[in-house]
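What follows is a set of notes on a single structure, which appears directly below.
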Amino acid sequence: MRVNRTLLFVIVVLLSGVSGNGFSQGPAPMDRQATSALHPPLLPQARIRAASDQLIGFNLISNTPPVPDVEMHDEAGQLLSFERFQGKLVLFNLWATWCPPCIREMPALNALQAQYKQQGFLVIPVASGRQGEEEPAEFLRKLGLQELTTYYDPDSQFARIFGIDTLPSTFLIDRDGNMRGGALGMLDWGSAEARALIEAFLNEQES
């Protein structure tokens, strides 16, 4: 394990505080130009904050630290770090074969990978710590989740660095390798709100 410094970050919920738009229906509809002036397009950061507020259980990370320089194993037993995935928007999911909430999330994560992989998005499931009787990669194949390639962190190094004991735990890492947000526990990754969040991050990094 290579960790150059202690990873300290605070996960915060950013409340938009936005209520209704306050406009009553007038005698005549506003033209498109006037409507655009009253509701200008949101900047990328504002779109991300708005999308994260809508996805229950997801929290933005306040100081966007770099992902820790920890090595994991691929299916062949080769060591690699997250540097391998730099340039991609990564949804990093800690899971285990014995964890029912982890397994319930997997089909939705598989669908996200299928939908957004052509836009530079990757789901990286990492089997953390002790596993069940079945080998994780074979376990996913048995479930028909062909889009997902699992990796291995048998010593739970990521969980120790983050100071968490919850599975599943999921973090969103931007193309520069910075941690932008996450969720402790199961989250509805199959929802329209989850897709809106992924799209907001993809659009930020394409603009």
For this session: Can you confirm whether the stretch 167-179 contains a residue that is of a type in the set (A, V, I, L, M) and surrounded by fewer than 16 Cβ atoms within 10 Å (Cβ to Cβ)?
Result: no
Exercise. From the set of residues in the stretch 87-109 that are over 16 Å from the mean Cα position of the chain (by Cα) and part of a loop (DSSP other than H, G, I, E, B), which is surrounded by the fewest Cβ atoms within 10 Å (Cβ to Cβ)?
Worked result: W98
For this session: Tell me which residues, restricted to the stretch 135-145, are within 14 Å of E75 (Cα to Cα) and in contact with a helix residue (DSSP H, G or I) (Cβ under 9 Å, 6 or more places away or on another chain).
Result: F139, L140
Exercise. Among the residues of the stretch 61-86 satisfying the criterion of being aliphatic (A, V, I, L, M) and crowded, with 18+ Cβ neighbours inside 10 Å, which is nearest to V126 (Cα to Cα)?
Worked result: M72
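For T149, are the conditions met, namely being over 30 Å from Q45 (Cβ atoms), out of contact with any Ser or Thr (no Cβ under 7 Å at 6 or more places or on another chain), of a type in the set (V, I, T) and in contact (Cβ under 8 Å) with a residue 12 or more places away in the chain?
yes
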For this session: Taking Q118 as the residue in question, decide whether it is within 18 Å of L148 (Cα to Cα), surrounded by fewer than 12 Cβ atoms within 10 Å (Cβ to Cβ) and modelled with pLDDT of 95 or more.
Result: yes
Exercise. Looking at the stretch 153-203, which of its residues are over 14 Å from I56 (Cβ atoms) and of a type in the set (A, V, I, L, M)?
Worked result: A159, I161, I164, L167, L172, I173, M179, I198, A200, L202
Exercise. Can you tell me which residues in the stretch 180-205 are crowded, with 19+ Cβ neighbours inside 10 Å, farther than 18 Å from C102 by Cβ and among the small types (G, A, S)?
Worked result: G181, A200
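The values are calculated or read from the model by the stated rules, or taken from the named source; none is laboratory data. Everything numeric here is computed off the predicted structure, so don't read it as measured data. We place every Cβ from the backbone using ideal geometry, glycine too, and count neighbours over all the protein chains shown.
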